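For reference, the structure discussed in these notes is given below.
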Amino acid sequence: MAFDPAKLAADTEAFCQELRPHEELCYVEHRFNDQLVPLAKKHDLLGINVNPEYGGRGADNLAYFKALARIGREGTGVRTFFSGHLSIGAYPIQTWGSDQLKKKYLPAAARGEAILAFGLTEPDAGSNPRELTTTFEKQADRFLLNGVKYLISNGGIADAVIAFAYPAGLSEGDPRRRISAFVVDCKSEGFSAESFSPNAKMGMPTANTAMFSMENVGVPLENLLGNEGDGFRIAMGTLVSGRLSVAAGCLGVIEDCLAEVLEYAKSRKQHGKEIGRHQLIQDHIAHIELDRVASESLVFRAAEAKDRSEANRADAELARQVDMLAAQAKFFCANAAWDAVDRAVQVFGGRGWSTLYRPGRHLIDTRVCRIYEGTDEILKLKIAAALLGKGWDAFR
Ligand SMILES: Cc1cc2nc3c(=O)[nH]c(=O)nc-3n(C[C@H](O)[C@H](O)[C@H](O)COP(=O)(O)OP(=O)(O)OC[C@H]3O[C@@H](n4cnc5c(N)ncnc54)[C@H](O)[C@@H]3O)c2cc1C
């Protein structure tokens, strides 16, 4: 059946409306929202961008990121779940997995029977994934993985994770020492995950963030993504998809702040009139709207370019452009959202400071968008280096 964007938008809206009371209650009670997965399953949202051949809806990038923007209005924690499961979980399997691997994981992921996560970051390897220390050893019938992954979205609720590792026993400088990517079953012997307590996190208390460790975890040979040594390329390609999901989610946060602020500014009265009639409040409203329109155009532009690039995978220049557009959109939208949530909190005054209201929750949660999937600093260096030209990278 052909992909139906109107149906996806309607299902996303119904999901968001049904989820909202659960999310608000869980947020205030500072606990994981255990209704998110069942409701996403009910509204058929767990395979939005998965190819229909493998049980998904087959949404194009534009429709997918519009859905993520709508989901982002419900909170960065809710959207982060989808980023972990789809943008950085299902995406690399769909893009670099063999047909056998796709059949093994994608239909189950789309049905909500296999939640996915992406494990690149380690305690000593964040902005520079080449510093990771997880290793694999190739045996006759399997790979053996050892290492620890840190700060992984969905890591404590996942059924399978994408994990990155170097071949064991090779010294730095050895040309064979190249990162590979694997799909690892979380029920495997030697695999253990530990979720962060919601109280130990600055925000997103309703979402799962975890670390996991692998001690001699056996991974079937067919669970390798791409070829041995392709891992760094796969990680970077996946981050393009992940960065756009963050940008889209931030657009949703800004949209929600604008809706909240417009309503509040028309109803709250001080100094004898609605606060929306005070020009300094209108200044905040104008800035939030500018954050919104600029973010929307960057997300849509990048999404359309990604659709063109996926239809023409041999075009390296198009892929390079999408990489840059995703970095720009992620950096700009994360900072625009930070500006918008700060302004929304200000318009709400003392109520803005409370997590009982949406602006305060957005403020706490949105901060992470300037950190994960490439920090502000890393993205600025990437954008500047691309402009300066070959050989001008600030780091390698
Ligand atoms: C809630 C949450 C969810 C996450 N989910 C995932 C996930 O699902 N999967 C995953 O793999 N990871 C995930 N991460 C990890 C995230 O991607 C990393 O935290 C991020 O990439 C930064 O790495 P780091 O924390 O090690 O910081 P570091 O790399 O140690 O950076 C610390 C500071 O130094 C700066 N810095 C580093 N290098 C340079 C440089 N060369 N020049 C200038 N400044 C520099 C950084 O910008 C930053 O300000 C998540 C993180 C959080 C907080």
Next on the checklist: Given R₀ = 25 Å, what would the calculated FRET efficiency be for Met236 paired with Ser171, taking r from the Cβ atoms and rounding to 0.05?
Outcome noted: 0.55
Next on the checklist: Using 0.36 nm times the number of residues separating Leu280 and Ser197, minus their current alpha carbon distance, what extension gain do you get?
Outcome noted: 25.9 nm
Item to check | 10 Å-binned pair-distance histogram of the stretch 20-101 (Cα, whole percent) | outcome: 16, 49, 26, 8, 1
Checklist outcome for this item: In whole angstrom, the spacing between the Cα centers of the stretch 298-370 and the stretch 232-247 equals 14 Å
Checklist entry - Kirkwood Rh, Cα Rg: Rg to Rh for the stretch 88-179? => result 0.99
Checklist outcome for this item: Here the Cα Rg-to-2.2 N^0.38 Å ratio for the stretch 167-324 is 1.56
Next on the checklist: As an exercise, use a Förster radius of 51 Å and the Cβ-Cβ distance of Asp141 and Arg313 to find the FRET efficiency, rounded to the nearest 0.05.
Outcome noted: 0.95
Item to check | Share of Cα-Cα pairs in the stretch 281-393 lying beyond 22 Å, as whole percent | outcome: 45 percent
Item to check | Nearby lysines by direct alpha-carbon distance to Lys306 (threshold 27 angstrom, same-chain neighbours under 8 apart not counted) | outcome: Lys7, Lys41, Lys66, Lys102, Lys103, Lys104, Lys330, Lys380, Lys382, Lys390
Item to check | Whole-Å semi-axes of the ellipsoid equivalent to the chain (Cα gyration tensor, √5λ, descending) | outcome: 36, 23, 21
Item to check | Cleavage-rule hits, chymotrypsin sites (Phe, Trp or Tyr not before Pro), the stretch 1-60, DSSP coil, Cβ neighbours within 10 Å at most 12 | outcome: none
Checklist entry - Given the options His30, His271, His22, which has the most mean-square fluctuation in a GNM of the chain, springs set between C-alpha atoms less than 10 angstrom apart? => result His271
Next on the checklist: Under 5 Å between amide hydrogens, which residues at least 5 positions from Ser153 or on another chain qualify, with H placed 1.01 Å from N in the peptide plane?
Outcome noted: Phe118, Ala210
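Quick check: from the Cα gyration tensor, does the stretch 11-68 come out rounded (a/c under 1.5), prolate or oblate?
prolate
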Checklist outcome for this item: Counting sequence-distant residues (5 or more places) and residues on other chains, those with an amide H built under 5 Å from that of Phe191 are Glu215
Checklist entry - In terms of Cα to Cα distance under 21 Å, which lysines are near enough to Lys149, apart from those fewer than 8 places away along the same chain? => result Lys138, Lys187, Lys201
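Based on other C-beta atoms within 10 Å, arrange Lys149, Lys42, Lys104, Lys266 from fewest to most.
Taking fewest neighbouring Cβ atoms as first place, the list is Lys266, Lys42, Lys104, Lys149.
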Checklist entry - What's the FRET efficiency of Leu290 with Ala394 using the Cβ-Cβ distance as r and R₀ = 35 Å, to the nearest 0.05? => result 0.70
Next on the checklist: I need Leu388, Leu68 ordered by Cβ neighbour count within 10 Å, fewest first.
Outcome noted: Leu388, Leu68
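Bear in mind that the values in this text are calculations on the coordinates, not laboratory data. Remember, it's a predicted structure, so these values are computed and weren't measured experimentally. Cβ sites come from the backbone with ideal geometry, for glycine too, and all protein chains shown count toward neighbours.
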